Structures are given as C-alpha cells and as structure tokens.
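Before any comments, here is the structure.
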Amino acid sequence: MTRVVGILLRAVVPEVMASFYAQVLGFRLRALQDGSFEGARGGLRLRVVPGRPQTTALRAVGLTIRVPSLVRALEPLRGSPLLREQWEAPEGRFAMVFDPEGNELCLFEVPPNLRRKRPEETR
C-alpha cells in the first residue's frame, strides 16, 4: 500500500507556519538549529523549512487532510481571513482554509455513519 508519510513546506516565515499547523492540526513541532521546524502526528511527519516555495504557481501546496473534529480544527481560525469556506456533502463536512503563506488546506471530517470502527471498538 502506498501512503504519504511526510510533508515538506518551504516558508518565508517558518515560525508562523509552524504555529499555524500546530494550532489547526495538532502537530507538535520542535525548532531545529537551522531555523526549520519538524514533528509528527499520526504517522505523518511535517517539516517546515526557511525559503520560498519552488514554484511559479499561485499556491505552492494544496493539501487535503482528514481531521477527527472539524469544529476543533477550525477553532483557532474563527473570524480569521484564513478560513475561506465550509460545506457539507454525503462523504463528510469540509472547510477550505489557507495557511499563512497562501497554501490551500482542505480539512474534512467523515460523518459518523461512514467511519470505520477500530477493532478494539467492536469487542
């Protein structure tokens, strides 16, 4: 099976990006001596490094991330211009946000009727 295990984000202001991803997605990021930040959550490693994104596109990265609670994930963004839109669909609740450097981040929460039970929950 193929799965993403790490994300590298280049940021003009790594501290701001690290704070954003810590608040919204719960990553515990630690500062490194080279000015970058790194950490992990749920088997996914995140590293934020100083520098400009290597792209000519309007936005450097577009991520879609499943969160256990959309309400909890969006709490730090209430009233912020970074929170763009929210919608519901049969496959879940969604929110489009932008990180502090303009990268698109689509957060989604699977509805209870579509969630798979963990083996320990079926006993």
Give, as a single signed number, the net charge of other residues whose beta carbon lies under 11 Å from the beta carbon of Phe108, with Lys and Arg counted +1 and Asp and Glu -1.
-1
If you count, for each residue, the other Cβ atoms within 10 Å and average over each peptide, how do 68-74, 94-100 line up from highest to lowest?
94-100, 68-74
Please give me the summed charge of the neighbours of Glu38: other residues whose Cβ is under 9 Å from its Cβ, Lys and Arg +1, Asp and Glu -1.
+3
Quote the FRET efficiency, to the nearest 0.05, computed for Glu91 versus Glu15 with a Förster distance R0 of 30 Å and r equal to the Cβ-Cβ distance.
0.30
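None of the figures in this text is laboratory data; all of them are computed from the coordinates on show. Owing to the predicted nature of the structure, the values given are computational and were not obtained by experimental measurement. Because the Cβ atoms are built from the backbone with ideal geometry, glycine has one as well, and the counts that use them run over all protein chains shown.
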